[in-house]
Amino acid sequence: MKYLTIYEKTETGYSAYAPDLPGCIAGGFTFEETAELMRGAIKMHLETMRKDGDTIPEPSTRADYIDAPAA
């Protein structure tokens, strides 16, 4: 399964979250570090959900870029 991950630039680096996995977040100084931490966070989040007997949500969030009209 692939879960959409949103990355946001912060004052100190990057933060990330997966909308289909509430509470699954990560943050780092670089995009690459944040992406690596997020892969681990998703893995751990899903392992914990399985251990707790929770239903694993199917990925359903989508993203797209919309061209904005020139000012």
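Here, each number is a calculation from the coordinates, and none is a lab measurement. Keep in mind the model is a prediction, meaning the values are calculated, not measured. FYI the Cβ positions are ideal-geometry reconstructions off the backbone, even for glycines, and counts take in every protein chain you see.
Ranked from highest to lowest mean number of other Cβ atoms within 10 Å per residue, what is the order of the peptides 52-60, 8-16, 36-44? Can you show the working numbers first?
Values: 52-60: 9.8, 8-16: 12.7, 36-44: 15.4.
Going by the mean number of other Cβ atoms within 10 Å, highest first, we get 36-44, 8-16, 52-60.
Give me a comma-separated list of calculated 3J(HN,Hα) values for region 10-23, in order, Karplus coefficients 6.51, -1.76, 1.60 applied at θ = phi - 60°, integers in Hz, x for any Gly or Pro.
My calculation for region 10-23 gives 10, 5, 10, x, 9, 10, 8, 8, 10, x, 7, 10, x, x Hz in order.
State, to one decimal in nm², a quarter of the convex hull surface area for the C-alpha atoms of region 6-51, i.e. the direction-averaged projected area.
Numbers: hull surface 11.5 nm².
About 2.9 nm², averaged over all directions.
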